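The values are calculated or read from the model by the stated rules, or taken from the named source; none is laboratory data. Just so you know, these numbers come straight off a predicted model, no measurement behind them. When we count neighbours, we look across all protein chains shown, and the Cβ atoms used for this are built from the backbone with ideal geometry, even at glycine. For accessibility, only protein heavy atoms count, side chains too; no ligands or nucleic acids. Shrake-Rupley method; radii C 1.70, N 1.55, O 1.52, S 1.80 Å.
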Amino acid sequence: MRIDVITLFPEFMAQSAALGVVGRAAERGLLDLHGWNPRDYAEGNYRRVDDRPFGGGPGMVMLIEPLRACLAAAKAADPAPAPVIYLSPQGKPLTQAKVRELAALPRMILLCGRYEGVDERFLAAEVTEEISIGDYVLSGGELGAAVIVDAVTRLQEGALNDVESAAQDSFEGPQGLLDCPHFSQPAHHEWGDVPDVLRSGNHAAIANWRRQQSLLRTWLRRPDLLDESALSKADRKLLDQAKAEHESP
Ligand code: 9D3
């Protein structure tokens, strides 16, 4: 997949995409990431990319023309069609379903705002959709773009090794459940012992315990994710039993 990021801080994107799963995917040719700086398309000695807002008020607004020229250059670099996605607090909250949709595209263009935002006329003319990464205030769109790059790259065929399998991720199942607890050596520690079942070698019992822990944790921590009426009979039973043990251990 090709991703073009329009940003005043292209080094930031390059850095965040150099390590781990995303860095390896780029090495494997599964991700083709390009940064584009509107300042390189700004005119004049000062190469201005922003100006004061009409109507007054604090902060600056990103100008139409440098963005227009920058986006045109990014589009022209590859013939594949690409949605232009603006990262902004006014966007639709990002979900794993949206990540799956984006991951299936051959290409996308991510637009990162700085300052108070982008001239509305540019957004109206060029932007396909607006995405937010959550209800908190960031200083610009770059972290949002990095989040999208990471999440869609994980879903590219061949990006994950077997052990990292995307199918096992929370939110990826038919019913999005939180992950179960994990333990490693030592089996006994001053802060507690590893549950016996995980050392039993009984793979069915282990799978059962993990499923139950996932159900219980989701019920406790993220009840908004859990539609109990949609659970299988087996899951219902596991959850009811876990609730009972949780009440009186
Ligand atoms: C303090 C500035 N705010 C005035 C009421 C508005 C504002 C402008 C620009 C708030 C944040 C930003 C910059 N944020 C992003 O570009 C952004 C973002 C975010 O802030 N939260 C969640 N997702 C995203 S995606 C891009």
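Go over the candidates Lys98, Lys92 one by one and state the one that is within 14 Å of the ligand (Cβ to nearest atom), charged (D, E, K, R), in a helix (DSSP H, G or I) and out of contact with any Pro (no Cβ under 6 Å at 6 or more places or on another chain).
Unique residue meeting the criteria: Lys98.
Restrict the check to segment 45-52 and report whether at least one residue is under 25 Å from Val149 (Cβ atoms) and part of a helix (DSSP H, G or I).
Looking through segment 45-52, none of the residues is under 25 Å from Val149 (Cβ atoms) and part of a helix (DSSP H, G or I).
For segment 143-156, state whether one or more residues are part of a helix (DSSP H, G or I), open to solvent by 30 Å² or more (accessible area, probe 1.4 Å) and more than 16 Å from the ligand (Cβ to nearest atom).
Here is the first cut: in segment 143-156, the ones part of a helix (DSSP H, G or I) are 143-154.
From what is left, the residues that are open to solvent by 30 Å² or more (accessible area, probe 1.4 Å) are 143, 147, 150, 154.
Keeping just the survivors that are more than 16 Å from the ligand (Cβ to nearest atom) gives 154.
Yes; the residues of segment 143-156 include at least one that is part of a helix (DSSP H, G or I), open to solvent by 30 Å² or more (accessible area, probe 1.4 Å) and more than 16 Å from the ligand (Cβ to nearest atom).
Considering segment 107-142 alone, what residues qualify as being charged (D, E, K, R), more than 15 Å from Val49 (Cβ to Cβ), within 14 Å of the ligand (Cβ to nearest atom) and open to solvent by less than 80 Å² (accessible area, probe 1.4 Å)?
Once the filter is applied, which keeps residues that are charged (D, E, K, R), more than 15 Å from Val49 (Cβ to Cβ), within 14 Å of the ligand (Cβ to nearest atom) and open to solvent by less than 80 Å² (accessible area, probe 1.4 Å), segment 107-142 yields Glu129, Glu130.
Determine, yes or no, whether Ala104 is under 22 Å from Glu157 (Cα atoms), hydrophobic (A, V, I, L, M, F, W, C) and open to solvent by 60 Å² or more (accessible area, probe 1.4 Å).
On the way: under 22 Å from Glu157 (Cα atoms): yes; hydrophobic (A, V, I, L, M, F, W, C): yes; open to solvent by 60 Å² or more (accessible area, probe 1.4 Å): yes.
Yes, satisfied.
Cβ-Cβ under 6 Å, sequence separation 6+ or interchain: first residue in segment 75-101 and closer than 18 Å to Val147 by Cβ and open to solvent by less than 70 Å² (accessible area, probe 1.4 Å), partner of a type outside the set (Val, Ile, Thr) and more than 16 Å from the ligand (Cβ to nearest atom). Which pairs?
Val84/Glu126; Gln96/Phe171
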